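One structure below.
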Amino acid sequence: VRAEAIITRESGGGRAFHALVSSDGRRIEADLLVLSCGVRPRTRLASDAGLRTSRGILVDDRLRSWSDPRIRAIGDVAHVADPRRYAHEREVPGGPAGLVGAGWRQAEWLAGALIAGEDPSPFAEDSPGIVLLKSRHVDLVQGGEIVPDPFAPGSGEVASWADPRHGTYVAMSTTNGVLDGFVAVGMPRAAAELSLLFQRRGELPSDRSLLLRLDAAEQPVRATGRDETVCICNAVTAGGIEDAVSDGCDTVDAVGCATRAGTGCGGCRARIAEMIDEWQGQHV
């Protein structure tokens with residue numbers, strides 16, 4: 001249903017959110033309202049130039065405009081779709097990723113193609129999309145889709161765990177043991193491990209609770225492995241950050257200059273600082 005209005009209440013001499021009113025008349029009371037607005041590509045210039053657009057500038061698997069192959073588009077304006085399949089369709093599925101990591105990968109592929117003077121193999125997204133909530137002090141990571149009701153038809157195998165008192169929650173959806181969707185709130189180490197498994201289409205341990213223990217207080221702060229993705233925005237692994245620190249990068253900004261880690265949403269900067277402190281403690 002569509003959200004129609006909000007209801008506020010008096011709080012400390014001001015107004016605070018109280019409830020959301022939906023188009024079917026329901027009133028949903030809550031303490032907090034989070035707006036997930038996303039991005040909207042600015043395609044007016046492309047449209048004025050005669051290029052076909054949908055949710056973004058329509059390009060093929062070599063990032064060439066459907067309308068003029070001399071023109072390329074990457075990043076938040078690039079809507080990658082197969083023109084042979086959808087050229088005559090009014091609605092083209094998909095749209096721009098809206099994530100900086102995807103833009104960097106497209107830029108790297110296109111730079112290689114331009115330097116080589118000819119197109120290499122078609123551009124393909126090398127990892128499934130993972131979304132990190134860009135908000136300080138809130139660790140929320142999501143990949144794939146999770147069916148809220150584990151008993152719903154076609155929901156696969158869903159395991160979930162919640163601790164409202166400490167603000168933590170994890171849900172994992174698998175098919176034949178392979179992770180195809182997850183949500184993790186307030187559990188950064190479990191989220192990092194789930195992100196790695198999701199990108200690799202890896203199998204979860206038979207005892208799902210092992211993942212929850214990664215965020216136990218007695219666990220070390222270091223990354224769980226060199227292949228773990230620490231900076232989701234720029235797809236920078238723990239190994240890349242460790243190498244930069246061993247090469248002399250002793251601040252988060254220095255690591256960012258060397259690897260781009262922490263230069264996107266900034267949600268991983270605290271983890272990078274922890275890794276620097278740990279490395280320095282081991283090499284005093």
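The values are calculated or read from the model by the stated rules, or taken from the named source; none is laboratory data. Because the structure is predicted, anything quoted here is derived from the model rather than measured. Positions of Cβ are backbone-derived with ideal geometry, glycine not excepted, and every protein chain shown enters the neighbour counts.
Quick rundown of the values:
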| read-out | value |
| --- | --- |
| Every pair of residues 6+ apart whose Cβ atoms lie under 6 Å, when the first sits in the range 81-108 and is within 17 Å of residue 69 (Cβ to Cβ) while the second is surrounded by 17 or more Cβ atoms within 10 Å (Cβ to Cβ) and among the β-branched types (Val, Ile, Thr) | 81/92; 86/92; 106/74 |
| Any hit, the range 6-18, residues being exposed (fewer than 12 other Cβ atoms within 10 Å of the Cβ) and under 27 Å from residue 260 (Cβ atoms) | no |
| Close pairs (6 angstrom Cβ cut-off, 6 or more residues apart or separate chains): modelled with pLDDT of 85 or more in the range 10-25, assigned to a loop (DSSP other than H, G, I, E, B) and surrounded by fewer than 10 Cβ atoms within 10 Å (Cβ to Cβ) anywhere | 22/1; 23/1; 23/2; 24/1 |
| Residue within the range 269-277 that is part of a helix (DSSP H, G or I), over 21 Å from residue 140 (Cα atoms), over 18 Å from the mean Cα position of the chain (by Cα) and outside the structural domain of residue 188 (by TED's automatic domain parsing) present | yes |
| Test set (1) part of a loop (DSSP other than H, G, I, E, B); (2) modelled with pLDDT of 90 or more - residue 58 fails condition number | (1) |
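Results for (1) surrounded by 11 or more Cβ atoms within 10 Å (Cβ to Cβ); (2) touching an Asp or Glu at 6+ places or on another chain (Cβ under 9 Å); (3) outside the structural domain of residue 143 (by TED's automatic domain parsing), shown as yes or no for each residue.
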residue: 49; (1), (2), (3): yes, yes, yes
residue: 67; (1), (2), (3): yes, no, yes
residue: 73; (1), (2), (3): yes, no, yes
residue: 80; (1), (2), (3): yes, yes, yes
residue: 85; (1), (2), (3): no, no, yes
residue: 94; (1), (2), (3): yes, no, yes
residue: 100; (1), (2), (3): yes, yes, yes
residue: 108; (1), (2), (3): yes, no, yes
residue: 123; (1), (2), (3): yes, yes, yes
